[in-house]
Amino acid sequence: MFDIMGMMGKVKEAQAKIKETQAQLVHLTASGESGAGLVKVTVNGDRKVVKIDMDESLLSPKDKEMLSDLIVAATNIAMESIEGQIKEEMKKATEGMMPNIPGMDLGSMFG
């Protein structure tokens with residue numbers, strides 16, 4: 001017979017673990033580079049840009065458009081990287097807590 005109370009307990013336990021994990025995501029960082037390393041952007045697990053480094057050779061008015069493009073590219077690379085880390089952390093947080101239901105990825109539901 002299906003144990004609804006047991007399942008509800010597991011859901012509450014999973015919710016608490018997910019909330020705890022989400023609070024820790026801010027400590028994750030990922031970086032993305034573009035222009036062969038001329039621009040480097042670092043983001044955190046809260047999906048915020050925390051640092052931008054750029055080579056001084058790009059700091060001239062004639063390179064403004066290229067610099068903008070390099071910053072966007074590096075930011076997008078960093079965001080893709082942090083998304084993978086976030087998904088992995090959320091997967092760890094929910095691992096073994098809920099039954100394995102095909103097609104239901106709890107880690108991605110809360111990321």
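The values are calculated or read from the model by the stated rules, or taken from the named source; none is laboratory data. Just so we're clear, the structure is a prediction, and the values are computed from it rather than from any experiment. Heads up, the Cβs are rebuilt from the backbone with ideal geometry, glycines too, and the neighbour counts pull from every protein chain shown. Remember, those area values only see protein heavy atoms, side chains included, never the ligands or the DNA or RNA. Shrake-Rupley method; radii C 1.70, N 1.55, O 1.52, S 1.80 Å.
Results, tabulated for the structure shown:
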quantity	calculated
Residue in segment 7-31 that is nearest to the chain's Cα centre (by Cα), counting only those that are open to solvent by less than 80 Å² (accessible area, probe 1.4 Å) and free of Cβ contacts under 8 Å to residues at least 12 places away in the same chain	A23
Counted residues, segment 58-89 - those being open to solvent by less than 70 Å² (accessible area, probe 1.4 Å) and either small (G, A, S) or more than 23 Å from E20 (Cβ to Cβ) (or both)	14
Yes/no for I4 being closer than 30 Å to E95 by Cα and open to solvent by 70 Å² or more (accessible area, probe 1.4 Å)	yes
Residue list for segment 39-50, filter: within 11 Å of A78 (Cα to Cα) and of a type in the set (D, E, K, R)	K40, R47, K48
Selection status of S34, more than 30 Å from T94 (Cα to Cα) and surrounded by 14 or more Cβ atoms within 10 Å (Cβ to Cβ)	yes
Segment 37-52: number of residues that are within 16 Å of the chain's Cα centre (by Cα) and open to solvent by 60 Å² or more (accessible area, probe 1.4 Å)	6
